[in-house]
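The values are calculated or read from the model by the stated rules, or taken from the named source; none is laboratory data. Keep in mind the model is a prediction, meaning the values are calculated, not measured. Methodologically, a virtual Cβ is constructed for each residue, glycine included, from the backbone with ideal geometry; neighbour enumeration extends over all protein chains shown. Side chains are part of the model used for accessible areas, which takes the heavy atoms of the whole protein and leaves out ligands, DNA and RNA. Shrake-Rupley method; radii C 1.70, N 1.55, O 1.52, S 1.80 Å.
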Amino acid sequence: MNIKKVDDKPMVIHTKEKAKIHSHVPKGASIKGSNIYTVDRSPKIKGSAVANEKQSKSYRKSTIHKTKADRTGRISKFCKGIQNSNQPIKVKKTTLRNAGVVGAKTATDHMEGGREVQQAAGIMYEASKPVTGTASRGAALFKRQAIAAKQRKIKQVQAGKKIAKKAAKKTVKDVSKKVAKETTKETAKKTAKITAKVTTKVAASAAGTAVAPGVGTAIGFAAGEVVGAKIEHDDMVRSNRARKVKFFLDKMKAQNDQQDSLAKLVKDLVFRRASMVIKQIIAVIGPFLLLLVLLIALICVPVIAVVATIYNSPFALFLPPLEAGDTVQTVTSAYVAEFNRDVNTLANDHTGYDSGEVVYVDYEGTDANPSNYYDIMCVYMVKHGIGDAATIMNDTSKGWLQDVVDDMCSYTTSSRTESHDNGDGTTSSETILSVNVSIKSYRDMITIYGFSSEQIALLNEMMSPENLAMIGYSGGGGGGGNSVSSLTQAEINAILNTISDSTQKSVLSYALTKVGYPYSQDLRDTGNYYDCSSLAYYSWRAAGVDISYGGATTAAAEAQGLNEAGKSVTEAELQPGDLIFYSYTNNGRYMNISHVGIYAGNGKMVEAKNEAEGVVYGDFHSGSAVLYARPNK
């Protein structure tokens, strides 16, 4: 089948040229390094050539004059990308507007009457263009004014900073100069003073040494101090003169500009003079005061150390208490009084018995009411006061002290029945309650507590009469008065010359030579200490007579042996060497005898009295005497 061509001309398809959209890039204001705002008018892309002369058109673009060449590095591109992303909102709105125009034109091209719509829109745009242009120019003007105001403010701030920085540098410079000047001046003055003093001291020392060795140093020191005082005086005079000049210069100013006053002037002048006088006084007495302080420190520091050591030792008992309130003495006294009250109450009530009595078991001494009050305190301090301040009476230390009291003071009870002759041929019986009190001495507690040799030595030292006297101990309550604790050999011979019997003279010769010896029941057999019964025993043994009984040499045992042997005498029959036995308390021993003395003739006697007095020579006393005996009868 043949197809005939109508027209041999090639078919041409007419295409409509695509609309070109020209976007307007607004000015972007920026501050150059030298703070100059510039506008570069150029094609859309700087440096590009115009392709079509018919469409040649200028576009404005704001740029920044750069002081350095554009960088093409990776970091520079990154920074440039950040800058490009910060385009004004106006550009973005224009782009959106242009895109909207293109979209609207494309849509109206395919609709009936679209061209008329486009023409109407163009007429409206042209009519509103003066208004929108004016608004855009107004916005740009406002922006330029805001940038200019900001630039002026920045310039003002920078100028203020420069002025403040310059003023600060000037102030620091001036102050530094002034301080350096004052410091140099003071240093020069002090250096000159010291140099003058040292020079004078050396010269005077040399001169003094030439006169007498050792004198030069003293003379040099004195001369140096004199020169130093002279320099200080001259400096004070110059300073006062300068101060007066300053005052008069201030008074020459206008009334409103004056800052000085007469009161200030007087104060400064008096202060300078007083300061100089004080310095001179200190210079004279300063070395002596320093020496005195050092001397006091050298004395006080060891004393304080010793006192602190003593307060942490048993001997703190003899020092003043560290705290107000209870002390070892007051608490011990309260505990002992409570014990004695319980004992006496029990004996006085004697419930169920005809009578009651208190028996101080095996007590030997001159006290009517025996007490181990001082023994308790010394034992407590030795047991608990080494390394601790045991004199501080808190609940713990009171508990310790109560334990010691309980260990050293105790009692038991017993009873007996006695028959009495009524004198009319009849007898009666009596039931008796005995409260047997055992009071231990410090010597007993050495074994019970197992004290070491060091503790024993401390305890013996504390129980010495001299130390016990510091806390009120005055000895036993019995014995005679007007006694002495020493006799010269002439006095002893005078006493012995009145005695004719050789045995009696031997007894008194031994006893009189022991006057002044210390008292001790524990060391009674050492020859250096005596108690009452050991003095009687050794005195008669020196004469060849043994007065022990059943191997015992207590006062009660000696009295029992002599009495049972028929050796007793009356008071009126007493001769030198006779023994006098006393009963000061109920001790449960023979005739309750607790003490013995030796008659020396002429109304005198020798006895080992107590720990406070020791062996004494004094007046004969018969109070509480229950037996007299003559061992060689």
All helices (runs of 4 or more DSSP H) inside the range 481-576 with 1 or more residues being over 16 Å from Y617 (Cβ atoms) and out of contact with any Phe, Trp or Tyr (no Cβ under 9 Å at 6 or more places or on another chain): 502-512, 532-542
From I580, I593, residue being in contact (Cβ under 8 Å) with a residue 40 or more places away in the chain, out of contact with any Pro (no Cβ under 8 Å at 6 or more places or on another chain) and crowded, with 21+ Cβ neighbours inside 10 Å: I580
Only one of S500, S533, S548, S486 that is closer than 16 Å to H595 by Cα and without any contact (Cβ under 8 Å) to a residue 40 or more places away in the chain: S548
Cβ-Cβ under 9 Å pairs, at least 6 apart or on other chains, the range 511-523 side farther than 24 Å from E461 by Cβ and not assigned by the TED database to the domain that holds L535, far side part of a loop (DSSP other than H, G, I, E, B) and open to solvent by less than 30 Å² (accessible area, probe 1.4 Å): none
V343, sole failed condition from (1) among the aliphatic types (A, V, I, L, M); (2) at pLDDT below 95; (3) more than 27 Å from E613 (Cβ to Cβ): (2)
Residues that are open to solvent by less than 30 Å² (accessible area, probe 1.4 Å) and closer than 22 Å to T345 by Cα, drawn from the range 398-409: V405, M408, C409
Selection status of S520, modelled with pLDDT of 95 or more and of a type outside the set (D, E, K, R): no
Qualifying positions in the range 517-563 - among the small types (G, A, S) and crowded, with 17+ Cβ neighbours inside 10 Å: S520, S533, S534, A536, S539, A543, A555, A556, A557, A559, G561
Single residue of A297, A283 found to be open to solvent by less than 50 Å² (accessible area, probe 1.4 Å) and either within 23 Å of the chain's Cα centre (by Cα) or in the same structural domain as V596 (by the TED database) (or both): A297
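Per-residue answers, yes or no, for (1) open to solvent by less than 50 Å² (accessible area, probe 1.4 Å); (2) part of a helix (DSSP H, G or I):
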site	(1), (2)
L346	no, yes
G356	yes, no
D375	yes, yes
A390	yes, no
T396	no, yes
Y411	no, no
H420	no, no
Number of the exception - S275 against (1) over 24 Å from V379 (Cβ atoms); (2) loosely packed, with under 11 Cβ neighbours inside 10 Å: (2)
Selection within the range 422-438 - touching an Asp or Glu at 6+ places or on another chain (Cβ under 9 Å) and either exposed (fewer than 10 other Cβ atoms within 10 Å of the Cβ) or more than 24 Å from P370 (Cβ to Cβ) (or both): T427, S428, S429, E430, T431
